[in-house]
Amino acid sequence: MNSLSGTNKLERWLWPILATSLFLLLWRYSVTWSGTKVFPSPGEVERGLAQLVQSGVLYHDIVDSLRRVAIGYLGALCLGIPLGLLFGWYPSLNRIVNPVVQILRPISPIAWIPVAILFFGVGDDAAIFLVFLGAFFPIVVSCVDSVANVPLIYRRAGINFGLTPPHLLARVVFPAALPQILVGLRIALGIGWLVVVAGEMIAVDSGLGFLIIDSRNSGKRYDLVVGAMLLIGVIGLILDLLFRRLETVKPVRWGFRNES
Amino acid sequence: MSASTRPTSATQGPTRNVRIKLRTENVSMIFQREGKALPVLEDIDLEVGDGEFVCLLGPSGCGKSTLLSAMAGFLTPTGGKIRIDGEIVRGPDPRRIFVFQERGVFPWLTVEGNIGFGLSKLSRSERAKRVSYYLQMVGLEGFEKSYPHELSGGMKQRVEVARALAVNPDVMFLDEPFGALDSITRLIMRGELLRIWQAERKTILFVTHDIDEAVQLADRVVVMSARPGRIQQIVPIDISHPRDISSPRYLELRDGILGQIGLAHRL
Amino acid sequence: MPGPLKTVRGIADLVPHGLIVKYVVASVFRVTWGFFLAVLAAVPLGLAAGWYRRAEMALNPILQILRPISPLAWIPIAILWFGVGDLAAVFLIFVGCFLPLLLAVISAVQGVPAVYINAGRNFGLSPIALMRRILFPAIVPRLMTGLRITLGIAWLVVVAAEMIAVNSGLGFLIVDARNAGNRYDLVVAGMVIIGVVGLLLDNAVHSLERASAFRWGFEEKA
Ligand SMILES: Nc1ncnc2c1ncn2[C@@H]1O[C@H](COP(=O)(O)OP(=O)(O)O)[C@@H](O)[C@H]1O
Ligand SMILES: [Mg+2]
């Protein structure tokens, strides 16, 4: 569906640049007009970030955040995918576990912080645990749903060719569910990135989340607060774009061809 | 054919003197839906000879798919028995392959991968030989590496037929296989199915709701009544292949079935 | 770490003070406001941005960069603008809900089959009527799903926000129980209550989703 067909290349660049410039101008002049001394203008944010880059702090914070996400997310993948496939494969098992999952799911990963600190102390492990929790439930749920959504016709065809249950899972159900599972994994990665920043604001003393809270508490450096936020946005976007490349791999492309 | 060869019975059995491949004995099926019993099949008695081409014809919802699924072992009838080669059917089996409408092609495998799906026990070279043989039989050379979403409906249907043929089953169940195709492709596919059937002599059970399709293809047409489905009549089609679809005999048979179903010849 | 029994006793401890009711009400109150403000802003904007391709193109980079930012990262700004209190928490929930909802509405509008639009045009509908009578009903099923997911996010955010930015609510209960004397039975009790209330909220929207008026969109899938 499209209200304009044939938008040309020029427009594809023109409108975003125009809108972004307008946004920056608006920001700049509302800072000037309101006369705030605390909230930074775009220029101040840029200078603040440059300062951080020169001191080398920024580099370490970024690496710390990325490391925590990577470990926590990989852990969630390794545990969540097999469990999700298992529960999807045995609906009776799922019926037993589901109530627990449904109660645990609406609990903000941040609410686990006291528990995380109790188990792991203040530090890396606590933050990694939070990322793990944030990513784990969406991964399990998406695997269960994806397996349940595999059309009966595929299972029947597989059984008809004499496949045993393990083979049916490996050769029919898993590949059929894979595109939908990937969507879940991508969402879980996004959540992991949201959680690590939030977790770092409370549970550790490094990383981009800590940079935000630290910049505010030690001297109201709001230029650094906003700079760190923008950086978080850009890195999150890059992570998402990288993950999207997986969707073009041949054996799953069939599942994404309707979305451009 | 030795002891198992039996004389042709009046309506239930095959027209030629051949071994009985598949037999349903008083098969009935009652579904439970929202607490109510829904009878779908009643007293289906049918004998299908080895190598015979039988069409099940009937209005939508009369239970054709249900009967076919039961024959293939995906469903267990609530009454009666289904025997293949004298043994009661207890579940699906690679010796009898069910061909769904083209929706049954696996979208995550290439054409090659789909056709070779049931051949994982063979050696690599053996499998490649089989795949290319059936690829050629259904006329898909050059599309080995294509994915199903790059193919037309007719091509996908060919892939599914080739996938079934590749495991060399003795029975094939086809459930409205050409229902989703345009009328020209459908005609071509019918011709190809006949060609393949004459070359391989599988027993074929073919579900359709298209009277012309049934009369063009089948040795016998099993006409079913609306739900609960019963066998209303079995019509032997005594025209040799290739069939002339404007011959008086063809029209006579077709009109006979039309009348049987209760449809007039004028719109 | 408390066992189930201690947790139950922890919940029982909370009941007589009326604290539990007070905190649940405080959290739900913030969620309601933040969520509804986000819906009010995001749905019309999403309809417009989904319909006018140029608007979507223009906004896209900003939206994509803002989306991965944890709503909690807005806490310093929320406190700067609104001070410590309810308003800051409502703002955080608004921030957390607005973007996902906006993106959901945009993609729902863009997913409406062209036949519906053409049929509407064919009957001579004006752009406004087209939006009201075709576009909006066509996206309702997907909108409901988007609302459900967003309400879930709102519930996640309010608890996290209360742990930092205010001094009441279920999130505050958890932090407070830990800081004031390591009462881990109350921490876990708070978490259980959070889970249950979240589940109830989800069920409420879910039954709305299943209400007969919206049924058609979900039956298609089966
Ligand atoms: N698993 C099932 N449970 C309940 N009712 C079913 C089931 N499968 C089919 N039916 C019903 O049985 C009837 C016959 O279905 P089907 O065999 O698919 O008909 P046909 O293939 O002749 O169109 C239909 O009314 C259908 O709704
Ligand atoms: Mg059918």
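The values are calculated or read from the model by the stated rules, or taken from the named source; none is laboratory data. The model shown is predicted, which means the values in this text are computed figures rather than measured ones. Cβ coordinates were reconstructed from backbone atoms using ideal geometry, including for glycine residues, and neighbour counts include every protein chain displayed.
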## Note on the structure
Going through region A:1-41 in order, the residues found to be more than 28 Å from the chain's Cα centre (by Cα), of a type in the set (A, V, I, L, M) and modelled with pLDDT of 90 or more are A:Leu18, A:Leu22, A:Leu25, A:Leu26
### Message
Looking at C:Arg30 and the list (1) under 17 Å from C:Val90 (Cα atoms); (2) not in a helix (DSSP H, G or I), which single condition is not satisfied?
### Response
(2)
## Note on the structure
All conditions in (1) within 8 Å of another protein chain (Cβ to nearest Cβ); (2) surrounded by fewer than 18 Cβ atoms within 10 Å (Cβ to Cβ) are true of C:Trp81 except (1)
## Note on the structure
Here the residues within region B:33-67 that are over 9 Å from B:Gly229 (Cα atoms), assigned to a loop (DSSP other than H, G, I, E, B), within 16 Å of ligand 2 (Cβ to nearest atom) and not polar (S, T, N, Q) are B:Pro59
### Long-range neighbours under 6 Å by Cβ, at least six apart or interchain, first residue farther than 21 Å from C:Gly18 by Cα within region C:144-172, second of a type in the set (Gly, Ala, Ser) and in a loop (DSSP other than H, G, I, E, B)
C:Leu156/A:Ser108; C:Ala160/A:Ser108
### Message
Checking the conditions here, which among B:Arg90, B:Arg83 is within 22 Å of B:Val40 (Cα to Cα), more than 16 Å from ligand 2 (Cβ to nearest atom) and assigned to a loop (DSSP other than H, G, I, E, B)?
### Response
B:Arg90
### Summary
If you go through B:Glu252, B:Glu213, B:Glu160, the only one that is away from every other protein chain (no Cβ under 14 Å), of a type in the set (D, E, K, R), away from ligand 1 (no atom under 16 Å from the Cβ) and not in a loop (DSSP other than H, G, I, E, B) is B:Glu252
### Message
Looking at A:Ser92, A:Ser55 in this structure, which one is out of contact with any Gly (no Cβ under 8 Å at 6 or more places or on another chain), at pLDDT 90 or above and more than 23 Å from A:Val195 (Cβ to Cβ)?
### Response
A:Ser92
### Query
Within the group B:Pro242, B:Pro228, B:Pro248, which residue is in the same structural domain as B:Leu56 (by TED's automatic domain parsing), surrounded by fewer than 20 Cβ atoms within 10 Å (Cβ to Cβ) and within 16 Å of ligand 2 (Cβ to nearest atom)?
B:Pro228
### Query
Is at least one residue of region A:105-124 more than 14 Å from chain C (Cβ to nearest Cβ) and in contact (Cβ under 8 Å) with a residue 60 or more places away in the chain?
yes
### Message
Cβ contacts < 9 Å: first residue assigned by TED's automatic domain parsing to the domain that holds B:Ile82, restricted to region B:41-62; second residue within 8 Å of ligand 1 (Cβ to nearest atom) and among the polar types (S, T, N, Q), any location; separation 6+ or different chain. Result?
### Response
B:Leu41/B:Thr66
### Message
Which of the helices (runs of 4 or more DSSP H) found entirely inside region A:128-225 contain at least 3 residues meeting this: out of contact with any Phe, Trp or Tyr (no Cβ under 8 Å at 6 or more places or on another chain) and crowded, with 21+ Cβ neighbours inside 10 Å?
### Response
A:174-202, A:208-217
### Query
Can A:Ile103 be described as more than 16 Å from A:Gly75 (Cβ to Cβ) and not small (Gly, Ala, Ser)?
yes
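If you take just the helices (runs of 4 or more DSSP H) that sit entirely in region C:113-219, which of them hold at least 1 residues that are among the basic types (Lys, Arg) and under 30 Å from C:Tyr52 (Cα atoms)?
Once the helices (runs of 4 or more DSSP H) in region C:113-219 are filtered for at least 1 residues that are among the basic types (Lys, Arg) and under 30 Å from C:Tyr52 (Cα atoms), what remains is C:114-122, C:136-164, C:215-219.
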### Message
within 21 Å of B:Met71 (Cα to Cα), within 16 Å of ligand 1 (Cβ to nearest atom), in a strand (DSSP E or B) and more than 14 Å from every other protein chain (Cβ to nearest Cβ): is that true of B:Val235 in this structure?
### Response
no
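Go through region B:110-123 and count every residue that is within 14 Å of another protein chain (Cβ to nearest Cβ), without any contact (Cβ under 8 Å) to a residue 24 or more places away in the chain and not charged (D, E, K, R).
Within region B:110-123, the first condition is being within 14 Å of another protein chain (Cβ to nearest Cβ), and the residues that meet it are B:110-122.
Still in the running and without any contact (Cβ under 8 Å) to a residue 24 or more places away in the chain: B:113, B:120-122.
Narrowing the set further to residues that are not charged (D, E, K, R) leaves B:113, B:120, B:122.
Qualifying residue count, region B:110-123: 3.
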### Query
Got at least one residue in region C:51-71 being of a type in the set (Ser, Thr, Tyr) and within 23 Å of A:Val38 (Cβ to Cβ)?
yes
#### Entry: Residues that are within 16 Å of ligand 1 (Cβ to nearest atom) and more than 10 Å from chain A (Cβ to nearest Cβ), drawn from region B:163-174
B:Leu174
### Query
Inside region B:178-210, can you point out the residues that are within 15 Å of B:Arg243 (Cα to Cα) and touching a strand residue (DSSP E or B) at 6+ places or on another chain (Cβ under 9 Å)?
B:Leu193, B:Leu194, B:Trp197
### Query
If you check every pair at least six apart or on different chains, which have Cβ atoms under 9 Å apart with a residue in region C:188-202 that is among the acidic types (Asp, Glu) first and a residue that is part of a helix (DSSP H, G or I) second?
C:Asp202/A:Gln102; C:Asp202/C:Arg148; C:Asp202/C:Leu151; C:Asp202/C:Gly152; C:Asp202/C:Trp155
### Summary
How many residues of region B:59-116 are within 16 Å of ligand 1 (Cβ to nearest atom), in contact with a Ser or Thr (Cβ under 8 Å, 6 or more places away or on another chain) and polar (S, T, N, Q)? The answer is 1
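Residue-by-condition table, conditions (1) within 18 Å of A:Leu163 (Cβ to Cβ); (2) touching a residue at least 40 places away in the same chain (Cβ under 8 Å):
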site	(1), (2)
B:Pro107	yes, yes
B:Ser125	no, no
B:Gln136	no, no
B:Phe143	no, no
B:Tyr147	no, yes
B:Asn168	yes, no
B:Val171	no, yes
B:Asp182	no, no
B:Arg186	no, no
### Residue under evaluation B:Arg230, criteria (1) modelled with pLDDT of 90 or more; (2) within 16 Å of ligand 1 (Cβ to nearest atom); (3) out of contact with any Asp or Glu (no Cβ under 6 Å at 6 or more places or on another chain), criterion not met
(3)
